[in-house]
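The values are calculated or read from the model by the stated rules, or taken from the named source; none is laboratory data. Since this is a predicted model, take the numbers as computed values, not measurements. So basically every Cβ, Gly included, is an ideal-geometry build from the backbone, and we count neighbours across all protein chains shown. Calculation scope for accessible area: heavy atoms of the full protein, side chains included, ligands and nucleic acids excluded. Shrake-Rupley method; radii C 1.70, N 1.55, O 1.52, S 1.80 Å.
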Amino acid sequence: MVVSEPVDRIISGIRVPELPYPATKLSEESIPDWQPLLSGCWDRQLDQRVTHILNQQDETWSVRQVNAAYLSDRIMDVFLKTSGLHPSLISRVARLRFWLAWRLNLAGAGAFSQILLKWLDSLQEWRGWSDTGGRSTRAMQQQFDALVQAVAQSFARQSAESVEAFCQEWLKDAEKRTGQVRKLSERLLETEMGASRQRKADQVARALIGRALSGRQLPSAMARFILEHWYRVLKQSVWADGVDSELYRHANKLLEWLVWAGDPQLSGQDKGRLYHVGEQIEDRICHVWQRAFDEEPPEAALHQVQAEIVARVRGDEPRLVNALPEGGRFSWDSEWLSLVPIDPEAATDYQHRWYVQGVGEGEQRRYFFALLEASQEVLWTNGVGARLGLEPWSAFLAGVESGRLRPLPAPTPFGEVLDETVTVLVGVCEKQRRKREQAAQEARERAEALRRKKAEAEQRRREEETLREAEVERQRLAAEQQRQADEQARREQERQQLEFAAARAVDGLGLGGWIAVAPEEGQEPQRLKLAVKIAASSKFVFVDRLGLNRREYRREELVAGVVDGRIRLLGSAAEFDDTLSRVVGRIRVGRN
């Protein structure tokens with residue numbers, strides 16, 4: 001899996017509850033330097049999570065730092081649970097979380113270099129390692145001491161080169177060990193299979209002798225011959241040809257003859273048969289011995305056996321001793337005589353697997369390297385060609401059934417842990433991104449709805465303001481129109497009053513009455529005297545002082561001229577001025 005893009009997305013985008021994220025985005029200058037903190041945690045070989053350490057500090061960490069710490073913790077926590085390595089070993093590997101968090105913040109997915117991933121995956125070679133306190137424990141301790149120094153140098157030099165060099169050296173050593181382990185394993189299997197056949201031959205021979213001599217008393221020479229010499233024949237017959245061979249059957253039969261002939265309780269009542277056995281037994285023993293060892297049997301020991309049988313035939317009373325040595329010096333187990341061959345298929349599911357006994361850091365691991373069919377024993381190794389011990393097949397099955405021995409779960413390489421962890425967190429990050437986008441979209445929709453609501457409210461306010469202004473303007477225009485109408489009516493009334501007064505004054509103007517006509521600009525008013533007043537045509541004829549410059553006015557013209565102020569009534573018509581003044585005064589008072 002290519003983790004570059006997903007890891008960078010996780011570091012920059014994921015948000016995990018209860019982690020110390022900053023309230024706002026930090027500037028580059030305000031981001032604290034966490035290298036001294038992480039380097040110190042590594043130097044002290046702490047087993048705490050990086051996020052726990054960050055929470056304890058009075059600092060404001062960047063989002064990238066917090067997420068790098070979380071990702072490092074998450075990967076190492078999963079690796080702790082699923083790697084299948086011994087707890088004391090994997091706990092030391094998991095402390096790399098401090099260095100990994102630092103590298104993730106600096107380089108993102110570049111923290112997982114190919115050499116680092118290859119080294120972490122290669123740790124599966126040590127899944128059978130146990131903290132036994134022996135040579136392998138000391139060797140592993142030295143390796144991890146070197147790792148501590150390499151990581152410390154990496155922190156100090158601001159570079160991953162020292163760690164990658166350590167990984168490269170580790171992998172080179174692993175390559176060398178692979179060839180050595182193969183040779184050691186082949187040699188061990190060959191040796192143990194031979195030893196298994198030897199053990200079976202030894203135990204079957206002992207079981208045959210133990211069963212035959214148990215509770216018996218024999219002459220010391222015969223008992224010694226069986227224990228010291230015939231034991232070798234029985235063992236050789238089993239080792240060379242197996243328990244189904246003719247040699248094994250003959251050797252076992254001669255064992256029974258020796259016991260029968262030497263024990264008076266068995267042969268004391270059958271002298272004829274004892275004589276017959278005594279005649280044949282020496283030749284039979286020599287024949288079987290010759291087949292087993294391709295040599296003659298020990299002559300002195302055989303003669304002692306023959307002498308004891310001859311004495312029995314003569315009727316001599318033999319000196320008897322317990323056939324088996326006192327104090328259990330001769331051990332034997334009759335179960336070896338009833339072994340049922342193991343079906344190879346039945347052992348297939350158990351072979352070449354790791355098993356663990358105990359719990360926690362005290363657990364011990366062992367590798368089921370092979371089933372030694374001859375002795376029906378499980379050969380345990382440490383997985384790298386070193387023998388840890390043997391266990392009877394029946395005891396192994398009982399241990400598995402009782403839970404004393406537990407199959408070690410299938411290992412989970414670091415690369416698989418990384419892929420699965422990144423895949424899960426990318427899914428979480430994607431969900432969070434979609435939620436943030438949805439929340440942002442909802443926020444935009446709410447903002448847009450609020451904006452529309454405000455715009456609609458503003459539009460309504462403007463429309464209401466426009467209507468109010470229009471109403472005010474309408475009222476103003478109506479008032480203005482009313483004022484103008486009132487003013488027009490007042491003027492009309494004034495004019496009517498003026499026209500009425502002027503008409504009365506004009507009608508009252510008698511012959512000889514004087515008027516003053518407004519002159520052109522820059523001239524004196526022209527005075528005229530009424531000379532003729534024609535009632536039929538409502539005409540007034542005026543002349544000047546000399547009777548010349550005749551001028552006619554129609555009554556309406558004369559009244560209009562008086563109202564407009566172009567003509568003033570003078571002379572005998574002076575009372576018009578008073579009348580006109582009173583009318584005008586009343587009109588002005590009415591205005592105010």
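Rounded to the nearest 0.05, the FRET efficiency derived from the C-beta distance between R490 and V517 at R0 = 30 Å is 0.60. Across the range 340-413, counting alpha-carbon atoms alone, Rg and Dmax equal 12.3, 40 Å. Scaling the Cα radius of gyration of the range 76-212 by the globular reference 2.2 N^0.38 Å produces a ratio of 1.53. Across the chain, C-alpha contacts under 8 Å between residues 6 or more apart give a mean separation that, scaled by the residue count, equals a relative contact order of 13 percent.
Each Lys or Arg adds one and each Asp or Glu subtracts one; over the other residues with Cβ under 13 Å from the Cβ of R406, this totals +2. Remark: the range 254-302 carries 54 Å² of accessible area per residue (probe radius 1.4 Å; ligands, DNA and RNA excluded). Between beta-carbons, use under 14 Å as the cut-off and find the net charge around T466, counting Lys and Arg +1, Asp and Glu -1. Overall, the nearby charge balance is -2. In terms of accessible area, using a 1.4 Å probe and ignoring ligands and nucleic acids, K454, K172, K25, K529 rank largest first as K25, K454, K172, K529. Note on Cα Rg over 2.2 N^0.38 Å: of the candidates (1) 2.67; (2) 1.16; (3) 1.25, the value calculated from this structure sits at (1).
Between K183 and N322, the C-beta separation translates, for a Förster distance of 51 Å, into a calculated FRET efficiency of about 0.55. Here the Karplus curve 6.51 cos²θ - 1.76 cosθ + 1.60, taken at θ = phi - 60°, turns the phi angles of the range 545-554 into couplings of 5, 8, x, 9, 6, 4, 9, 10, 9, 6 Hz, with x standing for Gly and Pro.
Cβ under 12 Å from V163's Cβ, V163 left aside: what net charge do those residues give with Lys, Arg +1 and Asp, Glu -1? Within the 12 Å Cβ shell, the charges total -1.
Axis of helix 555-564 versus longest Cα principal axis of the chain: the two differ by about 50°, to the nearest ten degrees. Expressed in Å, the radius of gyration and Dmax of the Cα atoms of the range 509-570 are 11.1, 37.
Cross-link pairs exceeding 25 Å in C-alpha to C-alpha distance, out of K25/K435; K176/K200; K81/K118; K81/K176; K200/K253, comprise K176/K200; K81/K176. Phi angles across the range 134-148 convert, under the Karplus curve 6.51 cos²θ - 1.76 cosθ + 1.60 with θ = phi - 60°, into 3J(HN,Hα) values of x, 5, 5, 5, 5, 5, 5, 4, 5, 4, 6, 5, 5, 5, 4 Hz, Gly and Pro given as x.
What's the whole-number percent of alpha carbon pairs in the range 3-184 lying beyond 30 angstrom? Before the final figure, lay out the partial values.
Working: 3530 of 16471 pairs.
Pairs farther apart than 30 Å: 21 percent.
In this structure, the amide hydrogen of G383, modeled 1.01 Å from its nitrogen in the peptide plane, lies closer than 5 angstrom to those of Y367, counting only residues at least 5 positions away or on a different chain. With bins 10 Å wide beginning at 0, the percent of Cα pairs of the range 215-323 falling in each bin runs 15, 49, 30, 6.
Tally up the carbon and sulfur contribution to the accessible surface of the range 215-323 as a whole percent, 1.4 Å probe, everything protein left in place. Carbon with sulfur: 45 percent of the solvent-accessible area.
If you roll a 1.4 Å probe over the heavy atoms of the protein chains, what accessible area per residue do you get for the range 309-409, in Å²? Don't skip to the end; give the middle numbers.
Working: 5710 Å² over 101 residues.
With the other protein chains kept in place, the range 309-409 gives 57 Å² per residue.
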